[in-house]
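Visitor: I'd like to ask you about the structure that follows.
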Amino acid sequence: MEFLEEIKDIITKFTANKITLAIAESCTGGYISNMFTNISGASKVFERGIICYSNTSKVTLLNVDPESIDQYGAVSDTVAKQLANNIRVLSNVDIGIGITGIAGPTGGTHEKPVGLVYIGISTSDQTFVEKHHFDVDRITFKTKILEKILILLQNFMK
C-alpha cells in the first residue's frame, strides 16, 4: 500500500531528526494513529493517539474550551486548532495533529456539510488549520484525510 511507504518514509526522517508527534482524532476514529502504528519503528516518533469522538472527550481529555464548542461547534477551525495545540502540549511532542469533521452520511447541515473536515497542525512555532471537503463515503473520507496529513508532514521536512 502506497500510504504505508509514505508513512515509513516520514517515520524514518522524523526518527533521524528526533521529531515526535501525537494525534487527536475525532471523525477518523483512530484510523490515522492505526496507520502510523502499522510501521515498525513508529514508537520512536509516535507518542500517542487519542480518539476524542464526543464533545465531552474533547473537553475532558484534551482541554478544549467548551465555550468554543458551544460557539463554533465541534467541527470548526477553532476546535481543530485547540486539538492540535493541546495534544502537542499535553504529550510534550514536536508536532500535534487535531482532526475534526463530519464523516456522514448523516450529521451534516447546509453550513457544515457531510465531508467537511478541519485538520490542525501545531508546532512550538505555529498552529494552523486546513479546511477540506471530501464528498465521499466514510472509509474514503478517512483515507483522504490521511493523504492530506501525509502531505503536511512531508512538507514539514522540506
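The values are calculated or read from the model by the stated rules, or taken from the named source; none is laboratory data. Keep in mind that this is a model prediction, so the values were computed, not measured. Reconstructed Cβ throughout: ideal geometry from the backbone, glycine too, with neighbour counts over all protein chains shown.
Visitor: Out of (1) under 18 Å from V89 (Cβ atoms); (2) in contact (Cβ under 8 Å) with a residue 40 or more places away in the chain, what's the single condition that is false for N63?
Guide: Evaluating N63 over (1) under 18 Å from V89 (Cβ atoms); (2) in contact (Cβ under 8 Å) with a residue 40 or more places away in the chain leaves (2) as the failure.
Visitor: Another question about this same structure. Failed condition for D70, given (1) touching a Ser or Thr at 6+ places or on another chain (Cβ under 8 Å); (2) more than 29 Å from D9 (Cβ to Cβ); (3) not hydroxyl-bearing (S, T, Y), with all others met?
Guide: That leaves (1) as the condition not met.
Visitor: Just to verify a result, which residue in region 121-158, among those that are of a type in the set (A, V, I, L, M) and more than 12 Å from the chain's Cα centre (by Cα), is surrounded by the most Cβ atoms within 10 Å (Cβ to Cβ)?
Guide: Per the criteria, the residue is V136.
Visitor: Also, I was wondering about something else. Report those strands (runs of 3 or more DSSP E) wholly inside region 43-152 carrying at least 3 residues which are of a type outside the set (F, W, Y) and touching an Asp or Glu at 6+ places or on another chain (Cβ under 9 Å).
Guide: Where strands (runs of 3 or more DSSP E) fall fully within region 43-152 and carry at least 3 residues being of a type outside the set (F, W, Y) and touching an Asp or Glu at 6+ places or on another chain (Cβ under 9 Å), they are 46-51, 95-101, 116-122.
Visitor: Condition test on G41, is it touching a helix residue (DSSP H, G or I) at 6+ places or on another chain (Cβ under 6 Å) and either at pLDDT below 95 or more than 22 Å from Y118 (Cβ to Cβ) (or both)?
Guide: Yes; evaluated as a whole, the condition is true for this residue.
Visitor: Another question, then. Among the listed residues T12, T28, T20, which satisfies the condition of being among the polar types (S, T, N, Q) and out of contact with any strand residue (DSSP E or B) (no Cβ under 8 Å at 6 or more places or on another chain)?
Guide: Going through T12, T28, T20 in turn, just one is among the polar types (S, T, N, Q) and out of contact with any strand residue (DSSP E or B) (no Cβ under 8 Å at 6 or more places or on another chain): T12.
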